[in-house]
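What follows is a single structure, written as structure tokens, with notes after it.
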2 protein chains.
Amino acid sequence: MTCALHPGIRVSEIFGPTIQGEGVLIGLPTVFVRTGGCDYRCSWCDSLHAVDRRFRHDWEMMSPDAVWQKVIALSGGQPVMVSLSGGNPAIQPLGQLIDRGHGEGYRFALETQGSVSKQWFADLDVLVLSPKPPSSEMTTDWAAFDACLEAAQDKPQMALKLVVFDDDDYAYAKDAAARYPQLPVYLQPGNHTPPRPGDEDGFIDMAGVMRRMEWLVEKVTRDRWFEARVLPQLHVLLWGNKRGV
Amino acid sequence: MTCALHPGIRVSEIFGPTIQGEGVLIGLPTVFVRTGGCDYRCSWCDSLHAVDRRFRHDWEMMSPDAVWQKVIALSGGQPVMVSLSGGNPAIQPLGQLIDRGHGEGYRFALETQGSVSKQWFADLDVLVLSPKPPSSEMTTDWAAFDACLEAAQDKPQMALKLVVFDDDDYAYAKDAAARYPQLPVYLQPGNHTPPRPGDEDGFIDMAGVMRRMEWLVEKVTRDRWFEARVLPQLHVLLWGNKRGV
């Protein structure tokens, strides 16, 4: 139940614990809270079931307390990193959930494209900002992105994560990194065969994913961009496009 | 050329830049300096060409300056993380190399089993201690291991890295982590099909590596060991047993 004092969180799925497959927390056990809804619509979105409004009937409006109870149940009450993802989790009211979890020793990582900022970003433990490169067909509003950094007030551990499909994306990644030299950079080769909603066990071009990873490693090392980390989506290598693992 | 003032470093291979495939620096571009010789002989060693004395004729005694010139050439003079590995790099005189590199903005990460300590551990930027579990058929001398931590004086970033093949290894990893609660833990599934020297492009049981990774993720999450990170050897997933990448 939700009310004015406890605004509801639009939830697509809550699952785990499993390991984080990407970026700065790669390999760390985590419970995922994937929210529904997004202000973007990236051409290669790999979470359309949490983005496309056609699937909104699969989303559930849950109170912070209900979300919290689910996290507790999945983690057995043992403090764990909670990964807030989406869709764009920044458009959901997550401040109360974070406060509640912190009271019990849990930590919270949020990943967002940086289009919407919230004051509670400063309460996060980890904030991953993932601006979307040209191949996404989205346009980055850098003023909105800057507002996310300002809201965070340097309190969470922060990182830039950039998906790279091609040379244009790579150039965008270098520009973004130059714009925020204080942020560690994680580059991730794109998946040209993302899951289609309702067909999450579908074909994945693993050889293509690997080739793109090799290409990116080669590009970064030849370019002597020695501060950037290059990491694949570990969960894709392990489990393909399967959901909930 | 080496002399009393500049003791020689026994080098198996120097290569890169490529990305670090394991542990705390996974994904980071790095130049590897792999030293020759080891006081251990793990049953599943994946670097026998740098361990087994049968291959000592492939090793080269190099002055710190000669090693440094090679690192400079590979990195184009652009500061990069240098990964000191082996064999056991702790049995080599690496202090001067580290000083020299620091003077030019390079950083140094060393990985060792923790059997031999050196005062210059305190000069490292990253120290990965990787005690060997029962499946290695080695016995850990914890007093020697403690001496490594003492030598480091908490100055480098430090981490525990533990290879896990089976339940006994897992129990050993939990014990080691409990012994050093201040150190972040990285668990790594073992590779049952390590390269044989001279046959580095040989068969690798990739499905087995993946199964062991899934088993380890399952074990850690069911056990609610939420502080431990689980990471595969990324270079093995990308390049199999091929050397020099």
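The values are calculated or read from the model by the stated rules, or taken from the named source; none is laboratory data. The structure displayed is predicted, hence computed values, not measured ones. Positions of Cβ are backbone-derived with ideal geometry, glycine not excepted, and every protein chain shown enters the neighbour counts. What goes into the accessible areas is simple: the full protein's heavy atoms, side chains included, and nothing from ligands, DNA or RNA. Shrake-Rupley method; radii C 1.70, N 1.55, O 1.52, S 1.80 Å.
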* To do: Could you figure out which of (1) assigned to a loop (DSSP other than H, G, I, E, B); (2) more than 22 Å from B:P232 (Cβ to Cβ); (3) at pLDDT 95 or above isn't true of B:Q69?
  => (1)
* Check on B:R41, touching a residue at least 40 places away in the same chain (Cβ under 8 Å), open to solvent by 20 Å² or more (accessible area, probe 1.4 Å) and part of a loop (DSSP other than H, G, I, E, B) -> yes
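Here is a check on your reading of the model: is B:G36 in contact with a helix residue (DSSP H, G or I) (Cβ under 6 Å, 6 or more places away or on another chain), of a type outside the set (D, E) and away from every other protein chain (no Cβ under 14 Å)?
Yes: the conditions hold for B:G36.
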* To do: Being more than 7 Å from chain A (Cβ to nearest Cβ) and within 14 Å of A:I26 (Cα to Cα) is the filter here, so list the residues in region B:229-239 that pass it.
  => B:P232, B:Q233, B:L234
* Could you list, in sequence order, all residues of region A:174-207 that are part of a helix (DSSP H, G or I) and modelled with pLDDT of 85 or more? => A:K174, A:D175, A:A176, A:A177, A:A178, A:R179
* To do: Go through region B:78-93 and count every residue that is outside any helix (DSSP H, G or I), in contact (Cβ under 8 Å) with a residue 12 or more places away in the chain and out of contact with any Pro (no Cβ under 8 Å at 6 or more places or on another chain).
  => 9
* Could you tell me whether any residue of region B:96-108 is without any contact (Cβ under 8 Å) to a residue 12 or more places away in the chain, within 28 Å of A:D223 (Cβ to Cβ) and either open to solvent by 10 Å² or more (accessible area, probe 1.4 Å) or touching a Lys or Arg at 6+ places or on another chain (Cβ under 6 Å) (or both)? => yes
* Asked: Just wondering, is there one or more residues in region B:177-191 that are within 20 Å of B:L110 (Cα to Cα), within 14 Å of chain A (Cβ to nearest Cβ) and β-branched (V, I, T)?
  -> yes
* **region B:49-61 residues that are surrounded by 12 or more Cβ atoms within 10 Å (Cβ to Cβ), paired with ones that are outside any loop (DSSP other than H, G, I, E, B) and of a type in the set (D, E, K, R) (beta carbon under 7 Å, 6 or more apart)** => B:H49/B:D58; B:A50/B:R34; B:W59/B:R10; B:M61/B:R10
* Asked: Since B:L74 meets every condition but one in (1) in contact with a strand residue (DSSP E or B) (Cβ under 9 Å, 6 or more places away or on another chain); (2) away from chain A (no Cβ under 14 Å); (3) open to solvent by 30 Å² or more (accessible area, probe 1.4 Å), which condition does it not meet?
  -> (2)
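Matching residues to (1) within 17 Å of the chain's Cα centre (by Cα); (2) surrounded by 22 or more Cβ atoms within 10 Å (Cβ to Cβ); (3) basic (K, R):
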position: A:K118; (1), (2), (3): yes, no, yes
position: A:L129; (1), (2), (3): yes, yes, no
position: A:K132; (1), (2), (3): yes, yes, yes
position: A:S135; (1), (2), (3): no, no, no
position: A:L149; (1), (2), (3): yes, no, no
position: A:V163; (1), (2), (3): yes, yes, no
position: A:Y170; (1), (2), (3): no, no, no
position: A:A177; (1), (2), (3): no, no, no
* Asked: Given the conditions (1) free of Cβ contacts under 8 Å to residues at least 40 places away in the same chain; (2) within 30 Å of A:R222 (Cβ to Cβ), which single one is not true for A:K161?
  -> (1)
* Asked: Only one of A:S135, A:S117 is on the phi < 0 side of the Ramachandran plot and part of a helix (DSSP H, G or I); which?
  -> A:S135
